[in-house]
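Working notes for the structure below.
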Amino acid sequence: EDRFILTGSIPNANEYYQALDLFVLPSKYEGLPLVGIEAQTASLPCLFSDKITTELKITELSEFIPLKSEIWVEKILEKFYTKHIRKDMKQEIIDAGYDIQTEAKKLQELYLSLAENPEDLED
């Protein structure tokens, strides 16, 4: 009880990420979990199960581990005790296609092009 905080849904998850040293997601079933993107954006070392889509690897801080492997504890301790200096991950996040301004502009341009050329919708 003195090592965990169960918050439920919170509007300020980014502040919690700043308090973490490591992010671990040993999921059995996931698509593209946004929590993994958020953790990398916060410059956290991340360990993900190999059941998660590899599209989640957007920074060099993330690593995938087989879910049934016995090295989870070893990897967690390794990442936890390795000195990690947080850095601004903005450019890596943008390069991976997760910048809202850039992606919204691309979507707007797509919609505008379809409105100008409705015959493209037939394909």
Restricting the search to the range 74-95, which residues are more than 19 Å from Ala19 (Cβ to Cβ) and either crowded, with 16+ Cβ neighbours inside 10 Å or in contact with a Cys (Cβ under 9 Å, 6 or more places away or on another chain) (or both)?
Lys75, Glu92, Ile93
Sole miss for Tyr16 among (1) among the hydroxyl-bearing types (Ser, Thr, Tyr); (2) touching a strand residue (DSSP E or B) at 6+ places or on another chain (Cβ under 8 Å); (3) surrounded by 13 or more Cβ atoms within 10 Å (Cβ to Cβ) is condition (2)
Checking the conditions here, which among Ser69, Ser27 is closer than 22 Å to Phe4 by Cα, more than 10 Å from the chain's Cα centre (by Cα) and part of a loop (DSSP other than H, G, I, E, B)?
Ser27
Using the structure shown, decide if Thr54 is polar (S, T, N, Q), exposed (fewer than 11 other Cβ atoms within 10 Å of the Cβ), under 26 Å from Arg3 (Cβ atoms) and free of Cβ contacts under 8 Å to residues at least 40 places away in the same chain.
no
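Within the range 72-123, can you find the residues that are in a loop (DSSP other than H, G, I, E, B) and either under 20 Å from the mean Cα position of the chain (by Cα) or of a type in the set (Lys, Arg) (or both)?
Lys83, His84, Ile85, Arg86, Lys87, Asp88, Met89, Ala96, Gly97, Tyr98, Asp99
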Every residue from the range 22-33 that is open to solvent by 60 Å² or more (accessible area, probe 1.4 Å) and modelled with pLDDT of 90 or more
Pro26, Lys28
Matching residues, the range 61-73, being free of Cβ contacts under 8 Å to residues at least 12 places away in the same chain and open to solvent by 50 Å² or more (accessible area, probe 1.4 Å)
Lys68, Glu70, Ile71, Val73
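The values are calculated or read from the model by the stated rules, or taken from the named source; none is laboratory data. The model shown is predicted, which means the values in this text are computed figures rather than measured ones. When we count neighbours, we look across all protein chains shown, and the Cβ atoms used for this are built from the backbone with ideal geometry, even at glycine. Surface areas here come from the heavy atoms of the whole protein model, side chains and all, with no ligands, DNA or RNA. Shrake-Rupley method; radii C 1.70, N 1.55, O 1.52, S 1.80 Å.
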